[in-house]
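> Mind looking over this structure? Questions follow.
Coordinate-derived values only; no laboratory data. This one's a predicted model, so the numbers in the text were calculated from it and none came from an experiment. When we count neighbours, we look across all protein chains shown, and the Cβ atoms used for this are built from the backbone with ideal geometry, even at glycine.
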């Protein structure tokens, strides 16, 4: 899916709501879980909100652009980085154990662990005499 910028307008107020960039994701399956990895460069773990409403998982992230400590007394000569709001929504399969979802952020990549419910995990059936 291509990165998209989406703008919505509030009805009646004339105010523009935030623009969102849709982060690119990779989704993997293991025997025990699905792993969702979303690229959100420049977003720290304190700037991420993950919510679950019924079977809808929503990921929000905000990248604030600020100067580093060494550049606080300087002015920009050229600037290409801008603040960005990331947003992506997923509809979860009922086979996911939503009570055990966890997430971690590492170097701009958000990893969401979506454990499979016990009833759908592969298991060995013992054979008896």
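> Obtain the nm distance between the two label points defined at residue 58 and residue 117 by a simple spin-label model: each point lies 7 Å from its Cα along the Cα-to-C-beta direction.
2.4 nm
> Rank the residues 33, 118 as a footprinting-exposure proxy: fewest other Cβ atoms within 10 Å of their Cβ go first.
Lowest to highest Cβ neighbour count: 118, 33.
> Would you please give the FRET efficiency between residue 93 and residue 46, computed as 1/(1 + (r/R0)^6) with r the Cβ-Cβ distance and R0 = 25 Å, to the nearest 0.05?
0.25
> From the gyration tensor of the Cα coordinates in the stretch 79-129, what semi-axes in whole Å does the equivalent ellipsoid have, largest first, with each one equal to sqrt(5λ)?
Square roots of five times the eigenvalues give 39, 13, 8 Å.
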